[in-house]
1. Based on the inverse mean of 1/r over its pairs of different Cα atoms, what is the Kirkwood hydrodynamic radius of the stretch 112-210, in Å?
2. For a footprinting-style exposure proxy, rank T125, T47, T160 by other Cβ within 10 Å, fewest first.
3. Nearest 0.05, what FRET efficiency do K170 and E28 give at R0 = 22 Å with Cβ-Cβ as r?
4. How long is the gain from K182 to R255 if the chain were fully straight, where each residue apart is worth 0.36 nm and the alpha carbon distance is subtracted?
5. Output ³J(HN,Hα) for the stretch 144-156: one whole-Hz value per residue in order, computed from phi by the Karplus curve 6.51 cos²θ - 1.76 cosθ + 1.60 with θ = phi - 60°, and x for Gly and Pro.
6. Could you give the C-alpha radius of gyration of the stretch 26-260 expressed as a fraction of 2.2 N^0.38 Å, taking N as the number of residues it contains?
7. Taking 7 Å along the Cα-to-C-beta vector as the label spot, tell me the D128-K204 distance in nanometres, rounded to one decimal.
8. Starting from the stretch 165-212, pick out the trypsin sites (Lys or Arg not before Pro) whose DSSP state is loop and whose Cβ has at most 16 other Cβ atoms within 10 Å.
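Derivation of every value follows stated rules applied to the coordinates shown; laboratory data play no part. Predicted model, so just to flag it, every value in this text is computed and none were measured. FYI the Cβ positions are ideal-geometry reconstructions off the backbone, even for glycines, and counts take in every protein chain you see.
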Amino acid sequence: SSYTMGNDHNDRKRKHAWNHHTKVKSVEAGLSGLFFTCDGHEKGALTEGYNLIDQIMEELDASSVAEAVDAQVGKEEEDSDVDPEEDIADTIKRQCKEQKEAARDKKKKRCHQRPTGVKNCLFVTVKDANILALCDRMIEIAQASARCRYLQRVLPVEETASVGLEEMNKMILKLVQRHLVKDDEGRFPSYALEYKARNNDSIKRNSVLEMLDDAVRMIAPGAKVDLKDPQITIFIQVVRTSILGGVARKFNSRRKYSMRPNQEEKEGVKKEEKKEEEKKDEDDDEEKEEVNEEEEEKKE
């Protein structure tokens, strides 16, 4: 019947749309950006991330605008024979207007979310940004005041690739070569690995550790592992069918790049401790009750 045919057609359309949708549900290779984790409110978390990115990029834009205006004013003062007061005012107005318009356009095109295919994991590319510096400033702001209700952590992703041992090895070699370099006194930084796999168990942590050990032996043989407080943490995140890699500086001492203020973290820990204490007290009370019941039974 036409009803059944219509249903079949709709099912096919739905299936096609679903298949097409899942194909793009992973981060493409060859990108850099910010990898966020959040606690279930992805839309709210994304807004928090964008607000911070915009604030930081606007701070940078504002300082470069001021420099550009100063340079332009200086140049036009030298070149011009007309009334300098009027000229400077016009120049500043025009420059500011142009820069504001440029900033508005930039803001529109600045951030692009890429689907990860994994719940509570967000990946955002940021045009013309130094990802490491952006991430550093973001953590600084988020840990100083309660700016993020939903975002939990952020990592500066320098490399993305499709999941595979060969791709993983290439990425680790690149990161070691780029970041495990001697300082002015000829010393290598201490390092550690942060590895996490989500919705994919094809690559085990031990394999990644072996690759990292081999790369360090080959490229930075003097570098030492420090699990307590490494200067450099090489992180590898396997997210569905993608590998995201990068480096976090002072990862442990900066509370593993948490996006929550110190006080909130402490309060969270205190709440957990309080819960545990209450549970312990309840268990102790239950034990006492059981002992008392046993003693009563013996008396009887």
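1. Computed over the stretch 112-210, the radius equals 16.3 Å.
2. Sorted ascending by nearby Cβ count, the order is T47, T125, T160.
3. Once rounded, the FRET efficiency stands at 0.85.
4. Between K182 and R255, full extension yields 23.7 nm more.
5. 7, 8, 6, 9, 10, 8, 10, 5, 10, 9, 9, 10, x
6. 1.23
7. 4.8 nm
8. K182, R187, K204
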